[in-house]
Structure formats: C-alpha cells, structure tokens
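Novice: Dropping a structure here in structure tokens format, bear with me for questions.
The values are calculated or read from the model by the stated rules, or taken from the named source; none is laboratory data. Every value quoted in this text rests on a predicted model; they were computed, and no experiment measured them. Glycine also receives a Cβ, built like all others from the backbone with ideal geometry; neighbour counts cover every protein chain displayed.
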Amino acid sequence: MRDILRRLIAGDLTQDEALAELRGIQLEELSGRARLDLGRFMRRGIPEVVLAPPKAPEEAARLTVALAQRQGQGLISRMSREHRAALQQAADAAEMSVVDYAQSARVMREDFAPEALGGKVGFLTAGTSDVPVADEARMVVEACGLGTRLEADLGVAGLHRFVGPLAAILEWGADVIVVAAGMDGVLPGLVAGLIDVPVIGLPVSTGYGRGGAGEAALSTMLQSCSTGLTVVNIDNGVGAGAGAVLIAARAARARSVSAGAGAASRRSRPRSLPAARRR
C-alpha cells in the first residue's frame, strides 16, 4: 500500500490506476477456485495462511507461492512430506526462499522482510511432541515482525524443569506467552497462575486412550482455576499465534507512544537557568 501511495504522489500512477491496484491487493482469484485475501494483513496485521490438507500438494504450493509473489511472503501449515516437496519445487522455480517450521513453512521473496514491530512472544511446550503445533504459532508471529523465543519439554512430570526457562522468558521481556501442552494440559494454567503476563493455552492432540486426541488437554485448560488464561482450539497454532500477535503488537505500539510522549515532554520542558543568572 505504501508503495502504491508513493508512486501516486510521484506521478507514476493516475488516481484510477492507484485505485485499481489497491482493489487488486484486497482480493484476488486464482483459476476460479481459491480467493486469496491479500488485504487481510492490512486489516488485521495477520497474513492469510494456507491450510495444506486436504489440498493436493501442487495446489497448496501454488497458492503459497502466489501469496509470496503478491505480498512478500506466503504461509502454509499442516504439511505432509509430499506438500513440503511440492512447496520446495515451486519456491525454487520462483526463486524464493523457504523458512521451515516443523510441519509449517514461510515462502519469502528475496527482497522482503516483515516490518519489525518491537513486540515479543514467548513459547513454552510441555513436551517435545508439542513443538510442531507451537512452531505453527511461532511462524505466524515471526511473519508479523515480532520477536520469538521457544523453550521446550517443560511438562509438570518434572516440575522443576520449567522454572528457569519461564524466568528467562520473562527477563527477555515477553509481552505474551503461548503454552502448548497435550496429555493432561496442566502447564498453561500453572504458568498463568504465577505471572502477570497474558498467557494463551494451546491444547495439543498428544496423549493416550480416552482424551488422547487433545480433548483432555482442552478440558483442563478451559476448567483452569487461573483467571485470565485464554484458550484456543486443539492444535490451533495459527489461532494462538494470531492472538499473540494482536496482544504483543498492541503492547509494542503502547511503548512506542509512551516513549514518544516522554521525549516530547522533555523537549518542551523549560530549562533551568544557571545559578548566576537566577540571582
């Protein structure tokens, strides 16, 4: 959008041409099937994410690369090996780079980097099997220009393990923490009961037998005694990441406004006269 406005001001575009381009980045149809919502990032600060299944690998790859061609980066989640192979082939053909996140990925133009916002999102996982879902959330956060830090395998079966990493993330300055947990799903409530930073619980479909598909973890988080714990759906890394982006980006903007107001106040404050002149 800034590029279009700059070209309009410079006289490289007429008003009608600029309007046509602005409309074009809002919505684009590919082959009469998929409608890419290219304006989502401008509306919400969160880009569209391609859900790989049940799309054919070639189709999912084509959509992701199309997003990257038009807005600098394309995000895809829940990839199989076939999806990953097709994505890499399509990205190579388009001369784009691929950033891997376990079962997710970002395809990026070489000339693109998301604008750094200054916000920070921390990630904790109860087990290593919860990392792929947490990584999906991390992909969304990093695509929006926010800093991330992930600490894994901190479940309550060894309660002593999570204290140090949690303290480190708080010292790092996280604006919000996403806690991914399967099995009994206790860790998010435990973390939320100890700190004053917003916590998003991300239930993961790991476990055994009854409740092993994530239902037990979801129920535990929803029934947590820790007030203020926010919970997303099972394996919904995209939703957790999007929620974290909205919180951390707003916190970063508030700090920026506060810092600007403080600087303006210092500039407008009258300086004291030297002692000799005061006399």
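Novice: Among the residues of the range 4-34, which ones are closer than 23 Å to PRO114 by Cα, modelled with pLDDT under 75 and not aliphatic (A, V, I, L, M)?
Specialist: Selection gives GLU21, ARG23, GLY24, GLN26, GLU28.
Novice: So, one more: Within the bounds of the range 219-235, is there any residue that is part of a loop (DSSP other than H, G, I, E, B), without any contact (Cβ under 8 Å) to a residue 60 or more places away in the chain and either of a type in the set (Lys, Arg) or within 17 Å of GLU151 (Cα to Cα) (or both)?
Specialist: Checked against the condition, which is being part of a loop (DSSP other than H, G, I, E, B), without any contact (Cβ under 8 Å) to a residue 60 or more places away in the chain and either of a type in the set (Lys, Arg) or within 17 Å of GLU151 (Cα to Cα) (or both), the range 219-235 yields no hits at all.
Novice: Shifting gears a bit: With the condition kept exactly as written, say whether any residue in the range 40-52 is touching a helix residue (DSSP H, G or I) at 6+ places or on another chain (Cβ under 7 Å), modelled with pLDDT of 90 or more and part of a helix (DSSP H, G or I).
Specialist: Scanning the range 40-52 turns up no residue that is touching a helix residue (DSSP H, G or I) at 6+ places or on another chain (Cβ under 7 Å), modelled with pLDDT of 90 or more and part of a helix (DSSP H, G or I).
Novice: Could you run through the range 168-192 and say how many residues are surrounded by fewer than 23 Cβ atoms within 10 Å (Cβ to Cβ), of a type in the set (A, V, I, L, M) and part of a loop (DSSP other than H, G, I, E, B)?
Specialist: Qualifying residue count, the range 168-192: 1.
Novice: A further question follows. Might you check whether a residue that is assigned to a helix (DSSP H, G or I) and either over 28 Å from ALA105 (Cα atoms) or β-branched (Val, Ile, Thr) (or both) occurs anywhere in the range 193-212?
Specialist: no
Novice: Exactly one condition in (1) part of a helix (DSSP H, G or I); (2) buried (at least 19 other Cβ atoms within 10 Å of the Cβ) is not met by ALA157; state its number.
Specialist: Among (1) part of a helix (DSSP H, G or I); (2) buried (at least 19 other Cβ atoms within 10 Å of the Cβ), the lone unmet condition for ALA157 is (2).
Novice: Got a number for residues in the range 118-144 being under 12 Å from the mean Cα position of the chain (by Cα) and not acidic (Asp, Glu)?
Specialist: Number of matching residues: 13.
Listed here are the residues, each with its yes/no results for (1) outside any helix (DSSP H, G or I); (2) touching a Ser or Thr at 6+ places or on another chain (Cβ under 9 Å); (3) buried (at least 20 other Cβ atoms within 10 Å of the Cβ).
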position	(1), (2), (3)
GLU115	yes, no, no
GLY118	yes, yes, no
PHE123	yes, yes, yes
VAL133	no, yes, yes
GLU136	no, yes, yes
VAL141	no, yes, yes
LEU166	no, no, yes
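Novice: Determine, yes or no, whether ALA85 is of a type in the set (Gly, Ala, Ser), modelled with pLDDT under 95 and either closer than 25 Å to ARG2 by Cα or out of contact with any helix residue (DSSP H, G or I) (no Cβ under 6 Å at 6 or more places or on another chain) (or both).
Specialist: Answer is no for this residue.
Novice: Return yes when ALA105 is crowded, with 21+ Cβ neighbours inside 10 Å, small (Gly, Ala, Ser), over 16 Å from the mean Cα position of the chain (by Cα) and not in a loop (DSSP other than H, G, I, E, B) and no when it is not.
Specialist: In short, no.
Novice: Cβ-Cβ under 6 Å, sequence separation 6+ or interchain: first residue in the range 193-207 and without any contact (Cβ under 8 Å) to a residue 40 or more places away in the chain and surrounded by 22 or more Cβ atoms within 10 Å (Cβ to Cβ), partner among the small types (Gly, Ala, Ser) and part of a loop (DSSP other than H, G, I, E, B). Which pairs?
Specialist: Partner pairs satisfying both residue conditions: PRO203/GLY185; PRO203/GLY214.
Novice: Could you identify the single residue in LEU67, LEU75 that is under 21 Å from the mean Cα position of the chain (by Cα), within 20 Å of GLU142 (Cα to Cα) and assigned to a strand (DSSP E or B)?
Specialist: None of the other options fit; the residue is LEU75.
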